[in-house]
């Protein structure tokens, strides 16, 4: 004799576990599709950083003004990529000793705070790897 009610609970639990595993797998893959395109423009450099649903979320340019490095940033309303583009443009400009523009647009649905931290970490690591190949 079988217990159909019990089998239903096991199947439901198994499906729920499979859903959680799928969510964990996709969460850990956030940022795995990051793209950083680097373009030399004369003596200057431009970085275009995208991931997930690519778009333009912010643009920052770092350059020397009266002997001091300064950054100008234009964020697209409602986007937060400027927290990456400004510091990245400044770091790259100081490292390369020239004007640098960083454009970024990264979007993934349903990120937790931990997921965002993970993506930001992946973006910085990739950016620094790219930057270090330029000299």
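All of the numbers you see were taken from the coordinates with simple rules; none came from a lab. Not measured: the values here are computed from a predicted model. A quick note on method: Cβ atoms are made from the backbone with ideal geometry, for glycine too, and the neighbour counts reach across all protein chains shown.
Of note:
- Residue that is surrounded by the fewest Cβ atoms within 10 Å (Cβ to Cβ), among those in region 83-111 that are out of contact with any helix residue (DSSP H, G or I) (no Cβ under 6 Å at 6 or more places or on another chain) and assigned to a strand (DSSP E or B): 107
- Residue within region 51-59 that is assigned to a strand (DSSP E or B) and farther than 21 Å from residue 32 by Cβ present: yes
- Taking (1) outside any strand (DSSP E or B); (2) surrounded by 12 or more Cβ atoms within 10 Å (Cβ to Cβ) in turn, residue 129 satisfies each apart from (2).
- Looking across region 102-121 at every residue that is touching a strand residue (DSSP E or B) at 6+ places or on another chain (Cβ under 8 Å) and in contact (Cβ under 8 Å) with a residue 60 or more places away in the chain, the one that is nearest to residue 59 (Cα to Cα) is identified as 106.
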